[in-house]
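K.L.:
First the structure, then my questions, so here it is.
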Amino acid sequence: MVSRQMVTRSLWFQFLVFALFIALLSAPGALSMAAGRSVYTEGRLLALVLMWAPGISGILVKWIFSRNLAGIGWRPGKFRYSLFAYACPLIVAGCVYGCVWWSGNATFSPEPFLVSLREQLGQPAITLFQAFVWFGTIGVVISLLSALGEEIGWRGFLVPLLAKNYTFSAVVWISWAAWYLYHLPIILFGGYHSHESLLFNLIVFAILLFALTVILTWLRLVSGSIWPPALFHAAHNLFVQSLFDKITTPNPSGDWVTGEFGVGLALGYLVTALWVFKRASRLSNF
C-alpha cells in the first residue's frame, strides 16, 4: 500500500522536474531578454517560445512518470464552462475599460488601431465592429495557439497533480507562486510592464495573476478539461492586449488603471475570483 508520504514525495519530485524543464526551455528566451531584446521588439516568436515552455515541460514530465498523457484534460468538457471562459474576459475588460473611458482617465481612440489594421490586412474600409467580430472569432483561435502552451503546463499537468494531495486553496497558492516566478524574467528584462514603478508593476501583476489562477484552476477542475482555461487565457490575451489596449489612450494620470499592470483589471478579476471561490468550495474533491 502506497503511503501518503510517498505520494507527496513523488508529487514534489515531479513538480521539481517540471520546473527544471521549464527553466531549461525558457533559458534561451531569458538570455535573449537579458541581452536587451524585448518581447515587443523581437515580435511574437520569443513570446510563443516562452509560452510553450510550460506545455512542453508538462507533456514531457507526464510521459516520463506515467508513460501516457491521460489526465491532462483533452476532452472538451461541458459547453457552459467554455462559454464562461469566452465571455468572462470580455465582460470584465469591457466594464473596466468602459469605466476608464467614462471617468476620463483614458480616451477611447479606435482610429489609429483601425488604420494599422487596414494596412496589415490590405482592406481600406474596416469598421470597429468588423474588427471586433474578426478578433472575437478567428483572432481567439489564433490566440489559443499560444495560450494553450501555458495552460497544458499549469492547468493541464500541474493543477491535477497538486489536486491529488492538496485542497483547492493550496493548489491555487502553489500554482500561482510557480506561475508568477515564471513571469518574473519577462517583467524584469523583457519589457513586459507599464510605465509605473517596478514595485507597482510587481504588486499589481501578482494580484491579477492570483485572481486568474483562482478562476483558471476552478475551470480546469470543475470542467475536467484543459480547453475552458485555455480559451479563457486566449480570450483574455486577445481582448485585453490586442483590442482594448489598442483602442485606448491612457492619460498621464490614468496609466496605472489600464492594461495587465493596471489596478482596473486586477480588481475586476479579483471580484470574479471571489465569486468563483465560493463555487469552488462545493467541488466534491475539496
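K.L.:
Does TYR166 satisfy being surrounded by fewer than 23 Cβ atoms within 10 Å (Cβ to Cβ) and either under 30 Å from TRP134 (Cβ atoms) or touching a residue at least 40 places away in the same chain (Cβ under 8 Å) (or both)?
P.N.:
no
K.L.:
Let me ask something else about it. Tell me which helices (runs of 4 or more DSSP H) are completely within the stretch 109-191 and hold 3 or more residues being under 14 Å from SER242 (Cα atoms) and modelled with pLDDT of 90 or more, or say none if there are none.
P.N.:
Here the list reads 140-151.
K.L.:
Something else now. Looking at the structure I just gave you, is VAL263 closer than 22 Å to GLY153 by Cβ and surrounded by fewer than 21 Cβ atoms within 10 Å (Cβ to Cβ)?
P.N.:
Answer is no for this residue.
Quick grid of which residues meet (1) under 18 Å from GLY153 (Cα atoms); (2) of a type outside the set (Val, Ile, Thr); (3) modelled with pLDDT under 60:
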position	(1), (2), (3)
VAL2	no, no, yes
TRP12	yes, yes, no
VAL17	yes, no, no
LEU20	yes, yes, no
ALA27	yes, yes, no
LEU31	no, yes, no
GLU42	no, yes, yes
LEU45	no, yes, no
LEU50	yes, yes, no
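K.L.:
Can you spot a residue in the stretch 185-194 that is out of contact with any Asp or Glu (no Cβ under 7 Å at 6 or more places or on another chain), among the β-branched types (Val, Ile, Thr) and more than 19 Å from ALA273 (Cα to Cα)?
P.N.:
Yes, there is a match, as at least one residue in the stretch 185-194 is out of contact with any Asp or Glu (no Cβ under 7 Å at 6 or more places or on another chain), among the β-branched types (Val, Ile, Thr) and more than 19 Å from ALA273 (Cα to Cα).
K.L.:
Right, here's the next one. Which condition number does SER194 fail, the rest of (1) assigned to a helix (DSSP H, G or I); (2) of a type outside the set (A, V, I, L, M, F, W, C); (3) farther than 21 Å from LEU60 by Cβ being met?
P.N.:
Among (1) assigned to a helix (DSSP H, G or I); (2) of a type outside the set (A, V, I, L, M, F, W, C); (3) farther than 21 Å from LEU60 by Cβ, the lone unmet condition for SER194 is (1).
The values are calculated or read from the model by the stated rules, or taken from the named source; none is laboratory data. Owing to the predicted nature of the structure, the values given are computational and were not obtained by experimental measurement. Positions of Cβ are generated from backbone atoms using ideal geometry, with glycine treated the same way; all protein chains shown enter the neighbour counts.
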